[in-house]
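Notes for the one structure printed next.
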Amino acid sequence: MHVTRFDNAQPYEAPNHVDMRCLRLQGKEAGPSLQMWMGMSQILPGGHTGLDGSPVEKLYLVLEGQLHVVAELEGQRDEQVLGPYDSCRFAPGEKRQLVNRGNRPVLVALVMANAPPAG
């Protein structure tokens with residue numbers, strides 16, 4: 001078993017994330033994990049990610065607040081509003097954007113696969 005205490009979780013920087021504070025909870029530098037890693041982000045009012053794709057599947061769970069999620073796959077665009085305990089999945093290659101359009105911070109958990117090996 002590997003435990004990460006929240007008070008000891010380390011921040012990490014994610015590209016194309018604006019007004020977001022991210023913590024690594026499991027995997028990567030937070031400890032051993034063969035297939036996935038887990039993080040948690042606080043998205044400040046007006047904060048967002050870019051509309052970017054990724055080669056790996058991503059799962060998001062809203063813990064607090066209201067989060068606008070935008071998806072784009074093969075030219076089809078979809079936008080949904082998620083509240084506490086709502087979750088969503090983005091497929092590999094699907095573009096995704098997270099946006100906090102409210103005045104309160106949003107707290108969201110992320111689980112995603114480790115990046116596929118290069119080569």
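A short reminder: the numbers here are calculations on the coordinates, not readings from a lab. All figures in this text were calculated on a predicted structure; none of them were measured in a lab. Reconstructed Cβ throughout: ideal geometry from the backbone, glycine too, with neighbour counts over all protein chains shown.
Summary of computed values
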item: Qualifying positions in the range 69-105 - of a type in the set (G, A, S) and free of Cβ contacts under 8 Å to residues at least 12 places away in the same chain; result: G75
item: Matching residues, the range 42-52, being under 19 Å from Y12 (Cα atoms) and in a loop (DSSP other than H, G, I, E, B); result: G50
item: Breaking point among (1) under 13 Å from V106 (Cβ atoms); (2) assigned to a strand (DSSP E or B), for L59; result: (1)
item: All positions within the range 16-36 that are closer than 29 Å to G75 by Cα and in a strand (DSSP E or B); result: H17, V18, D19, M20, M36
item: Filtered residues of the range 66-119 (kept if touching a Leu at 6+ places or on another chain (Cβ under 6 Å) and in a loop (DSSP other than H, G, I, E, B)); result: E94, P105
item: Pairs, first part of a strand (DSSP E or B) in the range 4-15, second exposed (fewer than 10 other Cβ atoms within 10 Å of the Cβ), C-beta under 9 Å, six or more apart; result: Q10/E29; Y12/E29
item: Of all residues making up the range 1-58, the number that are surrounded by 12 or more Cβ atoms within 10 Å (Cβ to Cβ) and out of contact with any strand residue (DSSP E or B) (no Cβ under 7 Å at 6 or more places or on another chain); result: 3
item: Those residues of the range 1-24 which are under 10 Å from G39 (Cα atoms) and among the aliphatic types (A, V, I, L, M), in sequence order; result: A9, L23
